[in-house]
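The values are calculated or read from the model by the stated rules, or taken from the named source; none is laboratory data. Given the structure is predicted, the values throughout are model-derived calculations rather than measurements. Every residue, glycine as well, gets a Cβ built from its backbone with ideal geometry; the counts of neighbours run over all protein chains shown.
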Amino acid sequence: MTAESTIDPAALVPGALAGGLFRDQPIAVLGFARSGIALARFLHDAGARVTVYDGRPAGELQRAIEALDGRDVRLLLGPEVDPAAALHAAALVTSSPSINADYPTTEPRLRAALRALLDRRASGDPTAPAIVSEVDLFLRLCPAPTIGITGTKGKTTTSSLTHALLATDASHPAVLGGNIGKPLVERLPELTAADRVVVELSELQLPTLSRGTTVAAYTNVTSDHLDRHGTLEAYRAVKRRLGELVDPAGAVIINLDDPVVAGYADAATTRVIRYRRGEVPVDGVGVAHGWIVADAIEPVAAAGAPTGARFGGGRILPIDELAIPGAHNVSNALAAVAVALAFGIPPEAIRKAAGTFTGVEHRLERVAEREGVQFINDSQGTQPDAVIAALRAFDRPIVLIAGGRDKGVDLTELASVVAERAEAAVLIGESGAMLERHFREAGLETTVRSSTLEAAVAAADQLAREAGASAGSPATVLLSPAATSFDMFEDYEARGRAFKAAVHRLVEGGLVEAGPEPGEAR
């Protein structure tokens with residue numbers, strides 16, 4: 001593979017795809033997970049000569065290879081491959097979001113190769129190709145207005161609800177993707193200026209951005225992923241980047257109930273729309289007398305709202321009509337309503353769509369009910385604040401299933417809330433013993449350790465029925481792990497699906513009831 005010249009990042013603009021920018025260009029793709037697969041397919045179909053590098057053995061990547069559907073792509077796979085070989089003579093380097101020269105979690109040899117490439121570019125070497133992430137490439141080339149949504153928790157629900165509200169306008173088709181599990185780069189050939197694209201953005205993706213979205217919306221920023229960013233200040237700075245890059249003709253939507261996010265407004269270089277679960281802010285959205293209420297909001301000029309779509313202020317919908325449980329979801333709804341009003345969606349359409357939105361898979365998802373026990377799948381609850389919100393979203397008695405791979409965050413507040421809100425906890429995975437110790441020290445009397453998720457479901461069901469009978473009220477079994485899934489599952493989605501499968505087997509009578517495993521506390 002040879003490149004006569006590198007691709008100037010300034011050429012990555014809407015319309016460049018139709019102009020054949022990638023045709024016959026040698027382009028490297030680093031990482032062969034979701035984003036890498038999407039990049040390889042997109043770039044191949046755009047006429048590029050694609051090389052994919054991944055340090056994992058080919059035997060572990062068969063599903064990714066099959067996802068290429070026979071496309072002629074050069075594969076450099078396995079620990080014996082020098083990653084520098086993938087970068088040699090490339091006109092452009094594209095990457096999955098987890099691959100970054102600054103991340104200690106990136107493979108050391110690949111980090112070194114990327115650092116060497118960045119140093120060459122910094123020295124002015126014209127043969128050194130630019131490095132562009134999948135989401136940055138998408139934002140550079142996308143012809144449609146975009147809405148970037150980020151936060152420590154709540155971004156998936158907020159993104160999905162925002163998409164549902166925008167989709168009420170048939171003249172502007174709405175598209176949803178990004179960190180929510182659907183890389184958007186493959187959608188580029190079909191998008192037009194009439195579309196509206198909701199992009200969920202994670203702390204992995206944000207540092208890779210060089211272009212902002214039309215509108216940026218924040219849920220909250222607490223503490224997470226310190227293994228990657230090192231300090232809380234660095235993590236907060238990463239999150240702030242979305243607001244810093246937003247289109248000057250767009251808007252930043254800020255949660256006043258979160259002190260960190262509220263502070264981001266000071267650095268905004270564009271219009272700020274504020275929201276909170278209280279008095280309605282000027283040019284913002286709030287809550288009054290049980291209703292979501294908005295001040296007069298002018299549509300964002302860059303959003304392509306129809307003429308005369310300005311909302312003059314007033315009630316939008318009663319909070320009781322929201323089908324998603326919990327006070328935290330009121331905040332999520334406020335953010336989504338703010339986006340919708342900024343795009344000129346009328347209040348009556350917002351009310352109808354918000355009232356029928358029942359949430360997203362793996363986030364407070366109601367799976368089934370059996371003998372007075374409801375089962376809730378909150379596999380996305382990998383962070384303490386998310387688990388706390390989940391525990392507060394349901395009436396007691398609650399039996400919590402938690403555990404997985406520890407994320408290195410402070411669990412003090414979580415342990416206190418578990419002791420306050422849960423009757424028992426069933427612990428799984430690598431962090432199970434640690435969580436059990438924290439919960440017991442905080443005052444939780446009943447804990448069970450389980451080696452499998454299926455056994456955990458059975459144990460939790462038994463404990464929930466006992467607690468429900470004692471309280472004389474229905475009970476809830478809540479999977480909200482406060483940990484990543486990687487010790488037992490491929491990702492949180494696989495863990496959530498396994499939980500739902502175990503629940504359905506239990507409901508159908510195919511799972512033997514299980515108490516505590518031998519030698520474990522109860």
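Things worth noting here:
- Take the conditions (1) within 21 Å of GLY55 (Cα to Cα); (2) of a type in the set (D, E, K, R); (3) touching a residue at least 60 places away in the same chain (Cβ under 8 Å); (4) out of contact with any Phe, Trp or Tyr (no Cβ under 9 Å at 6 or more places or on another chain); ASP136 misses just one of them, which is (1).
- Of the numbered criteria (1) modelled with pLDDT of 95 or more; (2) more than 30 Å from PRO346 (Cα to Cα), the one LEU139 fails is (2).
- Of residues in segment 60-73 being under 28 Å from the mean Cα position of the chain (by Cα) and surrounded by fewer than 20 Cβ atoms within 10 Å (Cβ to Cβ), the one farthest from ALA112 (Cα to Cα): ASP69
- Among the residues making up segment 357-377, those that are under 26 Å from LEU256 (Cβ atoms) and either surrounded by 23 or more Cβ atoms within 10 Å (Cβ to Cβ) or modelled with pLDDT of 95 or more (or both) are ARG363, LEU364.
- Tally, over segment 191-212, of residues that are among the hydroxyl-bearing types (Ser, Thr, Tyr), part of a loop (DSSP other than H, G, I, E, B) and farther than 22 Å from HIS172 by Cα: 2
- Positions within segment 132-183 being part of a helix (DSSP H, G or I), over 18 Å from the mean Cα position of the chain (by Cα) and within 16 Å of LEU206 (Cβ to Cβ), in sequence order: LEU137, ARG140
- Hey, VAL337 among the aliphatic types (A, V, I, L, M) and farther than 30 Å from GLY429 by Cβ or not: yes
- Across segment 88-109, the qualifying residues are those that are of a type in the set (A, V, I, L, M, F, W, C) and at pLDDT 95 or above, and the one among them that is nearest to the chain's Cα centre (by Cα) is VAL93.
- Any strands (runs of 3 or more DSSP E) falling wholly within segment 240-356 and containing at least 2 residues that are touching a helix residue (DSSP H, G or I) at 6+ places or on another chain (Cβ under 7 Å), surrounded by 22 or more Cβ atoms within 10 Å (Cβ to Cβ) and touching a residue at least 24 places away in the same chain (Cβ under 8 Å): 251-255, 271-275, 291-294
- Candidates GLU371, GLU321: the one that is over 24 Å from LYS182 (Cβ atoms) and assigned by TED's automatic domain parsing to the domain that holds THR152 is GLU321.
- Residues in segment 454-485 that are surrounded by fewer than 23 Cβ atoms within 10 Å (Cβ to Cβ), within 31 Å of the chain's Cα centre (by Cα) and under 18 Å from LEU506 (Cα atoms): GLU454, ALA455, ALA458.
- Hits in segment 357-377 - residues which are assigned to a strand (DSSP E or B) and charged (D, E, K, R): ARG363, GLU365, ARG366, GLU369, ARG370
- Looking only at segment 187-230, and only at residues there that are buried (at least 24 other Cβ atoms within 10 Å of the Cβ) and among the β-branched types (Val, Ile, Thr), the one that is modelled with the lowest pLDDT: VAL221
Residue-by-condition table, conditions (1) surrounded by fewer than 23 Cβ atoms within 10 Å (Cβ to Cβ); (2) in contact with a Leu (Cβ under 8 Å, 6 or more places away or on another chain); (3) among the acidic types (Asp, Glu); (4) not assigned by TED's automatic domain parsing to the domain that holds PRO129:
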{"site": "LEU21", "(1), (2), (3), (4)": "yes, yes, no, no"}
{"site": "ILE27", "(1), (2), (3), (4)": "no, yes, no, no"}
{"site": "GLY31", "(1), (2), (3), (4)": "no, no, no, no"}
{"site": "ALA58", "(1), (2), (3), (4)": "yes, yes, no, no"}
{"site": "LEU75", "(1), (2), (3), (4)": "yes, no, no, no"}
{"site": "ASP82", "(1), (2), (3), (4)": "yes, no, yes, no"}
{"site": "ARG111", "(1), (2), (3), (4)": "yes, no, no, no"}
{"site": "ARG115", "(1), (2), (3), (4)": "yes, no, no, no"}
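- Residues located in segment 378-416, provided they are touching a strand residue (DSSP E or B) at 6+ places or on another chain (Cβ under 9 Å), among the small types (Gly, Ala, Ser) and not in a strand (DSSP E or B): SER379, GLY381, ALA386, ALA390, ALA393, GLY403, GLY404
- All conditions but one from (1) surrounded by fewer than 20 Cβ atoms within 10 Å (Cβ to Cβ); (2) of a type outside the set (Gly, Ala, Ser); (3) more than 29 Å from TYR492 (Cα to Cα); (4) over 23 Å from the mean Cα position of the chain (by Cα) apply to PRO129; the one that does not is (1).
- ALA393 satisfies every condition listed in (1) outside the structural domain of LYS155 (by TED's automatic domain parsing); (2) surrounded by 23 or more Cβ atoms within 10 Å (Cβ to Cβ) except (2).
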